[in-house]
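Below: one structure, written as structure tokens.
The values are calculated or read from the model by the stated rules, or taken from the named source; none is laboratory data. Note that the coordinates shown come from a computational prediction; the quantities given were computed from them, not determined experimentally. A quick note on method: Cβ atoms are made from the backbone with ideal geometry, for glycine too, and the neighbour counts reach across all protein chains shown. We work out accessible area using only protein heavy atoms, side chains counted, and drop any ligands, DNA or RNA first. Shrake-Rupley method; radii C 1.70, N 1.55, O 1.52, S 1.80 Å.
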Amino acid sequence: MTKHIIGSHDDIPPGEGRAYVVEGRQIAVFRLRDGGLRALDAACPHRGGPLADGLLDAGVVVCPLHGHSFDLGTGADTTGGPPACSHRATREPDGTIAVVLGTAGSRPDTAA
């Protein structure tokens, strides 16, 4: 799997998300308050809301349009709807963020 460098870790404030285009796909990357990174498809599968603009809370992001919430680790919709595709995001030694794209149903922690 291909690792894509998308920007600096410092570009995303703790507790927020930003959207990036990777291989023609919109990806929302979230920086947790502990500095960890998570990534999901940027469009909510419910109605296309901008997940990067959602609120982060206890390992989930809440879509700003209709309140669906998604587990940041797996992409599962905690309200019972379809999941968001999850991706692997890491901080590289030089301070950049790398993303490895997942596929529907994949687990990002097993992506290489």
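Taking 4, 46 and ordering them by how much accessible surface each has at a 1.4 Å probe, largest first, produces 46, 4. In order along segment 72-78, phi translates into HN-Hα couplings of 6, x, 10, x, 4, 7, 6 Hz, rounded to whole numbers, per the Karplus curve 6.51 cos²θ - 1.76 cosθ + 1.60 with θ = phi - 60° and x for Gly and Pro. Of the listed residues 60, 29, the order by accessible area with a 1.4 Å probe, largest first, is 60, 29.
From the coordinates of this entry, Kirkwood radius over Cα pairs in Å is computed, and it appears in (1) 17.2; (2) 16.2; (3) 13.5 under the label (3).
Could you state the accessible area per residue of the chain in Å², with a 1.4 Å probe and every protein chain left in place? It would help to have the intermediate numbers written out before the result.
Numbers: 5780 Å² over 112 residues.
Solvent-accessible surface per residue comes out at 52 Å².
Relative to the current alpha-carbon distance between residue 3 and residue 92, full extension at 0.36 nm per residue lengthens the span by 31.0 nm.
Considering only 68, 9, 84, and ranking their Cα positions along the charge dipole of segment 1-109 that arises from unit charges at the beta-carbon of Lys, Arg, Asp and Glu, the one farthest toward the positive end is 84.
Per-residue Karplus couplings for segment 96-102, computed as 6.51 cos²θ - 1.76 cosθ + 1.60 with θ equal to phi - 60°, are listed in order as 8, 9, 10, 10, 10, 5, x Hz, Gly and Pro entered as x.
The dipole here belongs to the chain: it is taken about the Cα centre, uses +1 on the Cβ of Lys and Arg and -1 on the Cβ of Asp and Glu, and is about 180 debye. For the chain, the relative contact order works out to 25 percent when only alpha carbon pairs closer than 8 Å and six or more residues apart are counted.
In a fully extended conformation the segment linking residue 34 and residue 66 would gain 8.8 nm over its present Cα-Cα distance, using 0.36 nm per residue. Judged by the mean number of other Cβ atoms found within 10 Å, the most tightly packed of the peptides 9-21, 30-42 leads the ranking 30-42, 9-21. Taking amide H atoms as placed 1.01 Å from N in the peptide plane, the amide H of residue 79 lies under 5 Å from those of 69, each 5 or more residues away in sequence or on another chain. With θ taken as phi - 60° and the Karplus curve 6.51 cos²θ - 1.76 cosθ + 1.60 applied, the whole-hertz 3J(HN,Hα) list for segment 60-70 is 10, 10, 9, 4, x, 8, 10, x, 5, 10, 10 Hz, x standing for glycine and proline.
Applying a 4.7 Å Cβ-Cβ cutoff to the chain, the cysteines left without a disulfide-compatible partner are 85.
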